[in-house]
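Here is the structure we will look at, set down as C-alpha cells.
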Amino acid sequence: QVQLVQSGAEVKKPGASVNVSCKASGYTFTNYFLHWVRQAPGQGLEWMGIINPGGGSTNYAQKFQGRITMTRDTSTSTVYMEVSSLTSEDTAVYYCARDGVAAPAKRYFDYWGQGTLVTVSS
Amino acid sequence: QSALTQPASVSGSPGQSITISCTGTSSDVGSYNLVSWYQQHPGKAPKLMIYEGSKRPSGVSNRFSGSKSGNTASLTISGLQAEDEADYYCCTYAGSSSFVFGTGTKVTVL
C-alpha cells in the first residue's frame with residue numbers, strides 16, 4: 001500500500017533552516033510527482049511546490065521562491081524540502097502529498113504524509 | 001495566486017444536504033476541470049474526497065458529490081452524518097505546474 005512517512009517534529013530559531021523528509025513506499029517512486037503543503041496553526045492549507053522524483057525538476061509557489069529547495073534521493077525513495085531564513089510565520093505542519101496521476105500529469109493529491117510540525121521560536 | 005474563496009462555515013442537521021462553494025477566477029477554476037476537495041478532521045492529514053471536479057476515489061461515500069459552473073466549484077454532502085463534521089478545502093490546478101487551495105470551510109452537524 002502507498003505510504004508517505006515524514007520526519008519528526010523540529011524546533012528552530014529564527015533565521016535558521018529546516019530540512020523535512022518524506023519517504024515513499026508501495027509504488028514506483030519515480031512515476032508520480034510529490035507536492036509539499038503546509039498549514040499554520042488554526043489556518044488553511046497552502047501549496048508550496050512540486051518535485052518530479054524522476055528527473056528532479058521542481059516548481060515552487062511564487063511566495064516561497066528563493067527560500068525553499070526540494071530535492072530527492074531515488075536510492076531511498078525520499079524527497080526533501082529545505083526551508084531557509086525561518087521566521088515565526090513559518091511555524092506550521094508541513095505535509096508531503098503524492099499526485100494522483102502518473103507523471104507528467106499534475107492533478108490532485110491522493111496520498112498524504114502524516115505531517116511534520118516545525119516550530120520557529122527564539 | 002490568491003486563495004480560492006469558500007464560506008467560513010456551513011451547518012446542517014443530520015440527514016440534510018449542504019453545499020460548499022469554492023470561487024476562483026477564469027485563470028484557475030474556470031480554466032481547468034481539475035478541482036479537488038479534501039476533508040480534514042482535527043489533528044489529521046487531509047483526505048481526498050473528490051477529484052477532477054466530480055469524481056470520487058474508491059472508498060469515498062456517494063453522499064459526496066462535486067460540480068462546477070463557470071468560476072465556481074461546489075461540494076455537496078447529502079444525508080449529512082455526524083462523522084462529516086470536519087474542515088473542507090477545495091483546490092485547483094492553476095497552470096504552470098502550480099496549485100491553489102481554498103480558504104477552507106468548517107462543516108458543523110447540528
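No value in this document is a laboratory result; all are computed from the given coordinates. Worth saying up front: this structure is predicted, and the values here are computed from it rather than measured. Here the Cβ is made from the backbone with ideal geometry for all residues, glycine too, and neighbour counts use every protein chain on show.
Tabulated results
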| quantity | calculated |
| --- | --- |
| Residues located in the range B:7-46, provided they are surrounded by 18 or more Cβ atoms within 10 Å (Cβ to Cβ), more than 9 Å from chain A (Cβ to nearest Cβ), in a loop (DSSP other than H, G, I, E, B) and touching a Gly at 6+ places or on another chain (Cβ under 7 Å) | B:G24 |
| Qualifying residue in the range B:81-95 (condition: aliphatic (A, V, I, L, M), facing another protein chain (nearest Cβ under 10 Å) and not in a strand (DSSP E or B)) | yes |
| Test: residue in the range B:29-49 that is over 27 Å from A:V93 (Cβ atoms) and in contact with a Leu (Cβ under 9 Å, 6 or more places away or on another chain) | no |
| Total residues in the range B:47-75, condition away from chain A (no Cβ under 11 Å) and in a strand (DSSP E or B) | 10 |
| Selected residue (criterion: nearest to A:R67 (Cα to Cα)) from residues of the range A:1-52 that are of a type in the set (F, W, Y) and either part of a loop (DSSP other than H, G, I, E, B) or facing chain B (nearest Cβ under 10 Å) (or both) | A:W47 |
